[in-house]
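Colleague: The structure under discussion is supplied below as C-alpha cells; questions concerning it will follow.
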Amino acid sequence: MRFNVVFLMVIFGTLHAIGQSKELVDDLSFYGDVMVNAFQDKHRVRAKATFEPLIDEYIQTEAYLNDDFASLEGCTRVVKSEDGLVTIVSWQIRESEEKHSYGAYVIKNGVATKLVESLSIDRDDQFDILDKDNWYGALYYNIKDYTDNKGNTSYFIFGYNGFDKFDSFKVLDVLHFEGDQLTLGKSMFIKNPEGERKDIMARIKLKYSSDSQVSINYNPGMNTIVYDHLIARMGQLEGQGPTMVPDGSYEGFIIENDQIIYKAKLFDHVYETAPLTEENRKKEKSDKNIVGGKKRKTKR
C-alpha cells in the first residue's frame with residue numbers, strides 16, 4: 001500500500017509540473033504576441049512588464065530544453081551556432097516611436113546568461129570589450145562560427161537596433177567565452193593594415209536612415225563579411241536632418257590567413273539602388289511581427 005501511495009504521489013507531482021510548464025509556455029506566447037504586435041504603445045509596454053519575468057522563469061526551469069523555444073516563435077528571434085554549442089534568443093519591444101528596448105539570453109552547453117541592456121547603441125564603443133551587464137541591445141538575426149589557427153572559437157553575431165524614428169543600427173559583434181563567462185567584442189577587425197596607424201576594432205556598427213534597408217552579413221562563398229557602403233545625405237523624413245544611406249556599393253572584411261582585413265570596395269559594379277538581399281527579403285516579410293511597426297519602403 002505504501003508503495004502505491006508513493007507511486008501515485010510521484011505521478012501526481014509529474015502531471016502537476018507538466019501542467020505548470022504548459023501554463024507558463026501559454027502565458028509567454030500570449031504576452032509575447034501582445035508585446036510585439038499590439039497597436040497601442042501602452043499595451044506593448046504593459047505586456048513587456050509581464051513577458052520578461054516570465055521568460056526569466058522559463059529559462060530557470062529549463063523548459064526550453066523540451067520545446068527548443070518553438071513556443072516563442074513570432075515574438076523572439078532564435079539563432080544557433082554551427083557547432084551546436086551556442087543559442088541566442090533575443091527580442092525587441094517598440095515602446096514608442098522614439099524608444100525601442102531589447103532583451104536576450106545566450107545559452108552555451110545548457111548554461112544561460114542574460115544580457116542586460118545598460119548602454120546606448122549610439123555610443124562610441126567600437127574598440128571596447130563588453131560583458132553581460134554592459135550591453136547595447138540588439139535583435140540578433142545570424143551567428144557565424146569563427147575558429148582561429150590556434151583552435152579558439154568565437155562567434156560573429158549580427159544584430160539590429162531600431163534606435164529611434166530617424167535612424168537604425170546594424171551591428172556585427174564577437175561573442176567570446178572564457179569558460180562560462182562571455183564577453184562581447186574582440187580586437188580582430190583590421191583597418192589600414194599597411195598604414196602607419198593600424199586600427200583594430202572589436203565590433204562593426206552601421207548607423208543609417210530608418211527609411212533605408214541596410215545589410216551586414218557573412219558571405220560564405222567569399223569568406224567575407226559584406227555590408228553596404230553608406231554615404232551622407234539630408235534625410236527625407238520630416239525633421240530628420242543629415243543621415244546615412246547606402247549608395248549601392250559594398251565594403252567589408254575579408255577573412256584570410258587568420259586575419260580579418262578591411263577592403264573598401266568589394267565589387268566593381270555600382271547599382272543605381274542597393275540590391276535587395278535575402279536577409280532584407282525575409283525582413284520585409286517579418287517586420288510586422290518582429291519590429292512591431294508598419295513596413296517602410298526604401299526611399300532614395
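Colleague: What pairs come up if the first residue lies in region 216-229 and is outside the structural domain of residue 188 (by TED's automatic domain parsing), the second is at pLDDT below 95, and their beta carbons are under 6 Å apart, counting only those six or more places apart or on different chains?
Modeller: none
Colleague: Starting from region 108-131, take each residue that is in a strand (DSSP E or B) and list its partners that are among the basic types (Lys, Arg) and at pLDDT 95 or above, counting only C-beta distances under 6 angstrom and pairs at least six apart or across chains.
Modeller: Listed pairs, sorted by first residue: 113/132; 115/132.
Colleague: Next question. If residue 223 satisfies every condition in (1) over 22 Å from residue 160 (Cβ atoms); (2) crowded, with 20+ Cβ neighbours inside 10 Å but one, which is the exception?
Modeller: Checking residue 223 against (1) over 22 Å from residue 160 (Cβ atoms); (2) crowded, with 20+ Cβ neighbours inside 10 Å, the one that fails is (2).
Colleague: Can I ask one more? Tell me which residues, restricted to region 113-126, are within 17 Å of residue 176 (Cα to Cα) and touching an Asp or Glu at 6+ places or on another chain (Cβ under 8 Å).
Modeller: Result: 113, 114, 116.
Colleague: Also: So in region 232-262, with the set limited to residues that are part of a strand (DSSP E or B) and surrounded by fewer than 13 Cβ atoms within 10 Å (Cβ to Cβ), which one is modelled with the lowest pLDDT? First the steps, then the outcome.
Modeller: Filtering region 232-262 for residues part of a strand (DSSP E or B) gives 232-234, 242-256, 259-262.
Filter again for surrounded by fewer than 13 Cβ atoms within 10 Å (Cβ to Cβ), leaving 232, 234, 242, 256.
On the way: 232: 95, 234: 93, 242: 93, 256: 90.
Only one residue tops the list, namely 256.
Colleague: Looking only at region 31-68, which residues are out of contact with any Ser or Thr (no Cβ under 9 Å at 6 or more places or on another chain), of a type in the set (Phe, Trp, Tyr) and in a helix (DSSP H, G or I)?
Modeller: Hit for region 31-68 is 51, nothing else.
Colleague: If you don't mind, there's one more thing I want to ask. Under the condition of being of a type in the set (Lys, Arg) and assigned to a loop (DSSP other than H, G, I, E, B), which residue from region 164-212 is surrounded by the fewest Cβ atoms within 10 Å (Cβ to Cβ)?
Modeller: First, the residues of region 164-212 that are of a type in the set (Lys, Arg): 165, 170, 186, 191, 197-198, 203, 205, 207.
Filter once more, keeping what is assigned to a loop (DSSP other than H, G, I, E, B): 165, 186, 197-198, 203.
Details: 165: 17, 186: 20, 197: 6, 198: 10, 203: 24.
This residue is 197.
Colleague: Could we say that residue 235 is touching a residue at least 40 places away in the same chain (Cβ under 8 Å), more than 25 Å from residue 139 (Cβ to Cβ) and either touching a strand residue (DSSP E or B) at 6+ places or on another chain (Cβ under 8 Å) or among the hydroxyl-bearing types (Ser, Thr, Tyr) (or both) here? Please lay out each step first, then the result.
Modeller: Numbers: touching a residue at least 40 places away in the same chain (Cβ under 8 Å): yes; more than 25 Å from residue 139 (Cβ to Cβ): no; either touching a strand residue (DSSP E or B) at 6+ places or on another chain (Cβ under 8 Å) or among the hydroxyl-bearing types (Ser, Thr, Tyr) (or both): yes.
Criteria not met by residue 235.
Colleague: Kindly indicate whether any position in region 105-127 is under 20 Å from residue 261 (Cα atoms) and either crowded, with 22+ Cβ neighbours inside 10 Å or touching a Leu at 6+ places or on another chain (Cβ under 9 Å) (or both).
Modeller: Going through region 105-127, the residues under 20 Å from residue 261 (Cα atoms) turn out to be 125-127.
This time we only want the ones that are either crowded, with 22+ Cβ neighbours inside 10 Å or touching a Leu at 6+ places or on another chain (Cβ under 9 Å) (or both), so: 125.
Yes - at least one qualifying residue is present in region 105-127.
Colleague: Please determine whether any residue of region 70-93 is assigned to a helix (DSSP H, G or I) and either surrounded by 15 or more Cβ atoms within 10 Å (Cβ to Cβ) or charged (D, E, K, R) (or both).
Modeller: First, pick out the residues of region 70-93 that are assigned to a helix (DSSP H, G or I): 70-72.
Imposing the further condition that a residue be either surrounded by 15 or more Cβ atoms within 10 Å (Cβ to Cβ) or charged (D, E, K, R) (or both) reduces the set to 71-72.
Within region 70-93, one or more residues are assigned to a helix (DSSP H, G or I) and either surrounded by 15 or more Cβ atoms within 10 Å (Cβ to Cβ) or charged (D, E, K, R) (or both).
The values are calculated or read from the model by the stated rules, or taken from the named source; none is laboratory data. Quick caveat, the model's predicted, so the values are computed rather than measured. For neighbour counting, all protein chains shown are included, and Cβ atoms are generated from backbone atoms with ideal geometry for every residue, glycine included.
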